[in-house]
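Report on the following structure.
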Amino acid sequence: LAINVAGYDYRYSGLQVTVLVPGANLLPIARTLNAGSARTYGVEFDTSYKPPSMEGLTLHGAVNWLHARFNTLRNVPCYGGQMISEGCNQSLNTSTGFFTAQTLDGIPLIDAPSLTGSFGFTYETPVGGDLSVVVNSNTHFSSKYITTLGRRADLYQPGFVKTDLSLGIKGADDRWQIALASRNLTNKITRSTCATTNFAGGLLGGGTITGGTTRGPAGIDEVGCYADAGREVWLTLTVRPFN
């Protein structure tokens, strides 16, 4: 039995982040923003166990609790259609009379879920002729996390669970191994990088009004995201000639 516990506390100043803002033809472009400061702290726990009653089996698990927040995050561009009552109340454009930026002090860091973890097992047993069968299973989970800067609920990836599984056979001294492996076995589709832009409304619905007391005919920006890979199945051959 092995158990590890670690605590951490990181404090950042002069932090820079990347924000996505609409560019030509409403396509998002990256812009670097001086975010100010942030703090992350938490606890990590992991364990592994080899039951004496079942040779070749190893169980493992890990849990990480994280609190990650921007202490200071200002002058973040408003999303299209955001009103003053929704926080778009900074950096007044005197020529238009509309605000262009918002303050997001206290929001979570991007891709920083409060709770993550994994659990699974590895089982290896000889089958004769210097050959062994190896089975690996690993399930990892995550609570919800924010995918891009903002206070909108649709900017979050909800919590999820994904499972990987593999079955392989290997030769003596680990010199070679053939395995059939599946990643994301349950085909859970999750978001990675997201951006807000008014693709349909901005082109078809008329103008977007941002930083005012009302919305324009185009409404608010939509959220567009890249998706992480769904289910993958791999047949792998590993060769270690110098073992």
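The values are calculated or read from the model by the stated rules, or taken from the named source; none is laboratory data. Quantities reported herein were computed from a predicted structural model and do not represent experimental measurements. Every residue, glycine among them, receives a Cβ derived from its backbone with ideal geometry; neighbour counts consider all protein chains shown. Heavy atoms of the whole protein, side chains included, go into the accessibility calculation; ligands, DNA and RNA do not. Shrake-Rupley method; radii C 1.70, N 1.55, O 1.52, S 1.80 Å.
Quick notes on this structure:
- Here each label is just a point 7 Å from Cα along the line to Cβ, and for residue 112 and residue 189 those points are 3.0 nm apart.
- At R0 = 30 Å, FRET efficiency that the Cβ-Cβ distance of residue 242 and residue 167 yields, to 0.05: 0.70
- Whole-Hz couplings from phi, Karplus 6.51/-1.76/1.60, listed for region 106-118; x for Gly and Pro: x, 6, x, 5, 5, 6, 10, x, 5, 9, 9, x, 7
- Stretchable slack from residue 32 to residue 58, in nm (0.36 nm times residue separation minus alpha-carbon distance): 4.8 nm
- Contour minus Cα-Cα distance for residue 131 and residue 119 (0.36 nm per residue): 1.6 nm
- Mean ellipticity per residue at 222 nm, deg cm²/dmol - from DSSP H runs of n ≥ 4 across the chain, formula -39500 (n - 2.57): -500 deg cm²/dmol
- Within a Gaussian network of the chain (alpha carbon springs, distance under 10 Å), most fluctuating of 130, 228, 105: 130
- Per residue, the solvent-accessible area of the chain (1.4 Å probe, heavy atoms of protein chains only, all protein chains present) comes to 57 Å².
- For residue 110, the accessible surface of its heavy atoms amounts to roughly 60 Å² (probe 1.4 Å, protein chains only, rounded to the nearest 10).
- Stretch gain in nm, segment residue 3-residue 174, where the contour uses 0.36 nm per residue and the Cα spacing is subtracted: 58.9 nm
- FRET efficiency, 1/(1 + (r/R0)^6) with R0 35 Å, evaluated for residue 41 and residue 138 via beta carbons: 0.85
- Low-density loop cleavage sites - trypsin sites (Lys or Arg not before Pro) in region 92-161, where at most 12 other Cβ are within 10 Å (DSSP): none
- Heavy atoms of residue 132 accessible to a 1.4 Å probe, total area in Å² rounded to 10: 20 Å²
- Between residue 13 and residue 50, the modelled labels are 4.8 nm apart [label points 7 Å from Cα along Cα→Cβ].
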